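**Q** One structure coming up, written as structure tokens, with questions to follow.
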Amino acid sequence: MAHVILGLLLIAPQTYYGLVKGFESGVTLFYSASSGSIKRALDKLLAEGLIELASTEKGGRGKKMYRVTDAGRQEFRRWMTGELGGSDLESAALPRLYFLGLMDPSERVPVLRRIEARVESDLARFTRLDERLDTVDIPEGLGDVAAHQRATLDYGVASLQFALSWFRDYIAHHEPERE
């Protein structure tokens, strides 16, 4: 979540309330967060020096405006250009795609290539599991359970095949023309 907040603040300095609205209006497409978890992540980023207070409005509520520091910009870039961690492909890939426009154009295709490699790796892992399941004997009385479990795996394979095709097409449309 910290990197998503950094991305939103790189687009424009914002208040806590603005960040919550940013999550609700766009980030929720790929990442769900409560206002409390956003506040905790914001406080942690502030403590780590990755963001700072840009200003505090006087009066009533004293709204604090946050912005990214140089260290925060470096951390965001390191995350964008680094390997995709975590077990969930979508929560690793989609935030990077969402914020890809913040990267230098020369860095965008390499980020997409790392996403493509992750999709290929996950698809290979699911395919191996699918092949192993062809050799498993299903205990009597569990045929219906196994059929639905297999359908879940089939869905995962199809989803990854779609993702791989989609990212390859996206990369093809964004690679610089070769002379």
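The values are calculated or read from the model by the stated rules, or taken from the named source; none is laboratory data. What you are looking at is a predicted structure, and each value in this text was computed from that prediction instead of being measured. Cβ coordinates were reconstructed from backbone atoms using ideal geometry, including for glycine residues, and neighbour counts include every protein chain displayed.
**Q** Which one of the conditions (1) without any contact (Cβ under 8 Å) to a residue 12 or more places away in the chain; (2) surrounded by 13 or more Cβ atoms within 10 Å (Cβ to Cβ); (3) in a helix (DSSP H, G or I) does Phe126 fail to meet, given that it meets all the rest?
**A** The one condition Phe126 does not meet is (1).
**Q** Would you confirm whether or not region 54-63 contains a residue that is modelled with pLDDT of 90 or more and farther than 29 Å from Gly156 by Cα?
**A** No: zero hits.
**Q** Say whether the condition of being part of a strand (DSSP E or B), farther than 27 Å from Gln161 by Cα and not hydroxyl-bearing (Ser, Thr, Tyr) is met by at least one residue in region 68-83.
**A** yes
Here's the yes/no breakdown for (1) assigned by TED's automatic domain parsing to the domain that holds Tyr16; (2) free of Cβ contacts under 8 Å to residues at least 12 places away in the same chain; (3) within 25 Å of Phe23 (Cα to Cα):
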site	(1), (2), (3)
Ser87	no, yes, yes
Ile115	no, no, yes
Arg150	no, no, no
Gln161	no, no, no
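**Q** Would you be able to say whether some residue in region 38-58 is more than 30 Å from Ser121 (Cβ to Cβ), part of a loop (DSSP other than H, G, I, E, B), of a type in the set (Lys, Arg) and touching a Ser or Thr at 6+ places or on another chain (Cβ under 9 Å)?
**A** No, region 38-58 has no match at all.
**Q** Only one of Pro176, Pro139 is of a type outside the set (A, V, I, L, M, F, W, C), free of Cβ contacts under 8 Å to residues at least 60 places away in the same chain, surrounded by fewer than 12 Cβ atoms within 10 Å (Cβ to Cβ) and over 15 Å from Glu90 (Cα atoms). Can you tell me which?
**A** The match here is Pro139.
**Q** Test Gly7 against the stated conditions and say whether it is closer than 22 Å to Gly101 by Cβ and free of Cβ contacts under 8 Å to residues at least 40 places away in the same chain.
**A** So Gly7 does not fit the description; no.
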